[in-house]
Structure formats: structure tokens, C-alpha cells
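Input: a single structure, listed below in C-alpha cells.
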Ligand code: RNT
Ligand code: ZN
């Protein structure tokens, strides 16, 4: 008996079909964020990263052209099992030589190379308007600015992004999740908390007035509690974003698990939202003490998030995207570690005897539930993961890292 066969039998004894679990996982797309590859800079500006987000570190080999970024993503994808989706920001528009188009005038053609990449792998694309790192952010504000011209510029950007999202969906055959996040907020105590939120609401409504097919484009609003330089107030707070999504047909709430008070957990919010929304979207990240966007690992909360998605039977109702940016380590390894960790968390959730555990809860056998929950933690999950990787044609162990090291020596360090 191989290790896999032995592990499979142990799971079967608990009523878990590991074959079905692996099959299911292979159909779940996890969106890989292009912005890990170049520290959230993009191709449409030379300025610094703004909007309450920050990368730290200066690891060599960062991608600075579309060709480099895509080559790096392809390298990473070759080492990650499972189905992927691309996640692209509007600042990653690709212009002809000498061409420049501002964000309010972006067109589908500026993203054709991303469509070509997606088609090469049979993937969908998610999209994000970029409401940061741009001179038209006035006094730190975009869609909530008191200045109408500023708001109008960013509304036009949002509308352009809806058209581009629909183009992505039509070209790839997969719906495009379009996430609206702004860093709008104040460093110190504001004198008016409602005004910016009312303007933000009206601006998002103006964006969503752009006609689109709700089956193709899934607009979301992402909330955030605070950011660097906007510690006292954000316009897009949790209550604002959730209520906006709840009151606007076809709009999804997007939860980023770095965007809440430190003892709040998104895993507990997922089933709450699934009780009301047909679909929800996630940014999975790892905050260390704050919204630090460290590389995702297989930590407790990542596992809990995956568990909730799986045991709510909501793999087809929750859009999973990763969102972190570490500039202090090899950026390709950062993608691979994060994507593999998400896949591990999902597989681990899928081989959990969820039905049996639920029954214990419903029968009020809470002592046995505690015993079982502890027991399953030491099942030979690694053998199932190894088998899944083998079937997906990627290394199960850290052999993938040798590949990254070789690429670093041959490609990244020569940039
Ligand atoms: C920022 C938000 C947002 C960004 C990306 C780049 O705190 O999480 O989602 O990280 O849009
Ligand atoms: Zn996010």
C-alpha cells in the first residue's frame, strides 16, 4: 500500500471520499493577483504607490514591463496546482510605443495582451479599477472628493473598467469580478463623516449606471477599516460597503481579511453574508499586526476561511482572490507559496468530515465534536496533498523552489 492509499483508507473510515475532494478542488478557480510581481506599480505611471497601501522591501528582479510580468506569472503558475484566474488592475494597461491614455479613457484594447495570456491557459480574468497612485487623486480622495471634476474623472474610470470587464468576460467565457476599492479617507479626525460617504455612494451608483450584463460582470465593493495615512476614517468602511452591496442589485460585498479590527475574522462573516447574498467575493491575505499584506500561508484563519466556504457548500458562490504584496523576498516564490497555501487550505477543508461534524453539533454531542475536531488535525493530509500535486503535474514538495532559484539566477538577476 502506498502512503496515499493508506491515507485514503483512513479518510474513508471517517466517511470522506478523497477522490471526490480532489476532483472538486480541480474545478475551483483561485484568482492570482498580477500586482505581487511588481510591487503594485503597473505600467501607466512612474510615481509611487499611494492610497493607504504600501509595499516594503527591495528584492532584486522586479518585473518592469508587461513581458516580464507575464513571464513571471507563467513561471509561478507552472508550479501551482489547480485552476487559476488572472486578477488585473487597471494600472496594468498596456500601451503602444509612445501612446498614453489616461484612466478615464481606457479601452479593452489596452488589455488585449492579458486576454491573450488568459486564453492560453483557459482562464478567466478579474479586474480592478485603480483609484490610487495617480495625480488626479485630490487631497487623498477619488470617488468621495468634494471636487466634482475629480469625482467625474474617477466615475469615468469606473465606467471604462466596467466595459473592459465585460470584454474580459466575453473573450474568456468566464464572468469578470470587478472590485471597487478606494483608499479615500482621513489621517485625522474628520469634521464630516457622512458627506464623503454620500458622495462615494453616488459615485459608485454612477459607475454602475454604465450598462452591463450582470451574468458577465460582477461588481463588488471592498471595505477597509483604515490604511497608512488614513488611520482615522475611511469612506468605504465595513458598514458602508456591506450596505451598498445589499441595497444594489447585482453588487457583491468583497471582504479582505486584512481590513477588519484585529480580533474580527472573515471566516465567521462568510456564512453570515451567504445567508443573504447569492454571491460574495474575497481577498485572501495575511495581516501581521495590521493590514500588512504578507504572503498567504496555511495559517489558522486561511484554513477557517476555506472550511467555511466548503461546509457552506459555497465553492460556486464565493469568488476567491489573493491580495498581498511582498517586495522583500523572491516575488515568484511569494506567488507560489500563497497560491499553494490557498489550494492546501481548500483541499484540507474538502477532506474534512464536515457532514459528520455538523451532525454532532445538531445532536448536541459537543464533547464528541471537540474530540473529533482535535482528532482530525493529525490525519495524514500531506499524503493527499502530494497525490493532488502529482496528478496536477507539479512538485508536491519544495522541489518547486529549485525551479524558482534557477529562474532567479538566469532571468531575474539579469534584469
Ligand atoms: C487595499 C486593498 C486592495 C488592494 C488592491 C491592490 O488595502 O486590499 O484590494 O490591495 O486593489
Ligand atoms: Zn484587497
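The values are calculated or read from the model by the stated rules, or taken from the named source; none is laboratory data. Model, not experiment: these values are computed from the prediction. A quick note on method: Cβ atoms are made from the backbone with ideal geometry, for glycine too, and the neighbour counts reach across all protein chains shown.
Is there a residue in segment 334-348 that is in a loop (DSSP other than H, G, I, E, B) and either in contact (Cβ under 8 Å) with a residue 40 or more places away in the chain or within 12 Å of the chain's Cα centre (by Cα) (or both)? No: segment 334-348 contains no residue that is in a loop (DSSP other than H, G, I, E, B) and either in contact (Cβ under 8 Å) with a residue 40 or more places away in the chain or within 12 Å of the chain's Cα centre (by Cα) (or both).
Filtered by the rule that a residue be within 16 Å of ligand 1 (Cβ to nearest atom) and either outside any helix (DSSP H, G or I) or without any contact (Cβ under 8 Å) to a residue 40 or more places away in the chain (or both), segment 156-185 gives 176, 177, 178, 179, 180, 181, 182, 183, 184, 185. Does segment 90-111 include one or more residues that are within 16 Å of ligand 2 (Cβ to nearest atom) and at positive phi? No, segment 90-111 contains no residue that is within 16 Å of ligand 2 (Cβ to nearest atom) and at positive phi.
Restricting the first member to segment 356-385 and to residues that are over 24 Å from residue 9 (Cβ atoms), and the second to residues that are modelled with pLDDT under 95 and in a helix (DSSP H, G or I), no beta-carbon pair is closer than 7 Å while six or more apart or on different chains. Considering every residue within segment 36-53, establish whether at least one is surrounded by 17 or more Cβ atoms within 10 Å (Cβ to Cβ), away from ligand 2 (no atom under 16 Å from the Cβ) and more than 30 Å from residue 187 (Cα to Cα). Checked against the condition, which is being surrounded by 17 or more Cβ atoms within 10 Å (Cβ to Cβ), away from ligand 2 (no atom under 16 Å from the Cβ) and more than 30 Å from residue 187 (Cα to Cα), segment 36-53 yields no hits at all.
The criterion of at least 3 residues that are within 30 Å of residue 294 (Cα to Cα) and touching a helix residue (DSSP H, G or I) at 6+ places or on another chain (Cβ under 7 Å) is met by the following helices (runs of 4 or more DSSP H) wholly inside segment 1-113: 18-25, 66-77. Number of residues in segment 248-271 that are touching a residue at least 40 places away in the same chain (Cβ under 8 Å), over 15 Å from residue 291 (Cα atoms) and buried (at least 20 other Cβ atoms within 10 Å of the Cβ) equals 4. So residue 191 ticks every box in (1) more than 23 Å from residue 125 (Cα to Cα); (2) buried (at least 20 other Cβ atoms within 10 Å of the Cβ) but one. Which box is left unticked? It is condition (2) that residue 191 fails. Of all residues in segment 274-311, those that are part of a loop (DSSP other than H, G, I, E, B), within 16 Å of ligand 1 (Cβ to nearest atom) and in contact (Cβ under 8 Å) with a residue 60 or more places away in the chain total 2.
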